[in-house]
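Engineer: Sharing a structure with you now.
The values are calculated or read from the model by the stated rules, or taken from the named source; none is laboratory data. Computed from a predicted structure; not experimentally measured. Don't worry about glycine lacking a Cβ; one is built from the backbone with ideal geometry, like all the others, and counts go over all protein chains shown.
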Amino acid sequence: MDVMSEENFSIAGSEDWLTKLNKTICKLGRAEFEDSLFDLVNAAVGVDHCAVFINNNDGTTAHLFTKSKLDADICKSLANAYTEGFHVKDPKLAPARKGLKKSSDIRPDDIRMTLLPYMPTTAYDQDYQDRFFKDTGLVDKVSSLLQTRQYTIYCSFYRLTDRGRFAPREFNDLSRILPILTNLIFKHSRLLELKGHSSELADPIITQVALSRSPDAMTHLLGAKNEIFGQLTTREREVCIRILQGYSSEAISLDLNVAKSTVNTYRKRAYARLGISSQNELFSLCLEFISVVG
């Protein structure tokens, strides 16, 4: 039987790291999430700067958040510079975009995470190097992409000069936990937007069916004229809204004054039109169609 040597042991499998992971999950959708995430990644691999952006399908880019040891004004300036034009000069995104699926080909529950290959700072053009590396003291970068139906989340973790570049083992360790970190950031962004749609949303944990606390947002979403929900009939839409609000089939039948069997028929028809087969997929589809940035 193989025994894991101390040299190959990753802190990401330790009790301390798992405790920090649990703490970070509990902070999803809250202001403290970014601090907790930064603490989580630093418990495995030292990083000095984390920047997360949303690349929308229309070609625009928006800043989600930055957590850093750099001055707050510097971070704000970097975020603005990136969203206002430097994102088109980012060489990490060019090859990745070619491999991304078309949004119309992505199912609601199909979330694709891609670890971007390592790229030295010299691979960036001179303007980019000066703005994001030379002028800031940042010397290395590891990134990932998470593609959904509506947008792509771009996460990057950096090192400053004092700490130095990522060693091969550090790059490997960070690569192993990036899927977890990126998915946490995705869930956090979804919950933040749900809070923006409903001031009554008290519990940020997604397993508590937070959508049931925001009926107005769901009614507006399913009532909007878009390529997905625009396919539904009035009754199918009414049933889906009540499903999202936490109604049982019996409760929906009473509320709409129809038989339970009729409710089940509308549900099946709606699911067929939406290309889904379960309540969980309906939740996922709605999460995808609530814009991350207003």
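Okay, residues lined up against (1) surrounded by fewer than 20 Cβ atoms within 10 Å (Cβ to Cβ); (2) within 15 Å of residue 182 (Cα to Cα); (3) in contact with an Asp or Glu (Cβ under 6 Å, 6 or more places away or on another chain):
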{"residue": "39", "(1), (2), (3)": "yes, yes, no"}
{"residue": "46", "(1), (2), (3)": "yes, no, no"}
{"residue": "52", "(1), (2), (3)": "no, yes, no"}
{"residue": "55", "(1), (2), (3)": "no, yes, no"}
{"residue": "69", "(1), (2), (3)": "yes, no, yes"}
{"residue": "73", "(1), (2), (3)": "yes, no, no"}
{"residue": "85", "(1), (2), (3)": "yes, no, no"}
{"residue": "90", "(1), (2), (3)": "no, no, no"}
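Engineer: Also, quick follow-up: Quick one: how many residues across the range 53-71 are modelled with pLDDT of 95 or more and aliphatic (A, V, I, L, M)?
Structural biologist: Matching residues across the range 53-71 total 1.
Engineer: Can you find a residue that is basic (Lys, Arg), at pLDDT 55 or above and outside any loop (DSSP other than H, G, I, E, B) anywhere in the range 201-224? Working first, answer last.
Structural biologist: Residues of the range 201-224 that are basic (Lys, Arg), as a first pass: 213.
Now narrow it down to the ones that are at pLDDT 55 or above: none.
No, that holds for no residue.
Engineer: Of the residues in the range 279-294, how many are modelled with pLDDT under 65 and either among the aromatic types (Phe, Trp, Tyr) or farther than 16 Å from residue 152 by Cα (or both)?
Structural biologist: The total comes to 1.
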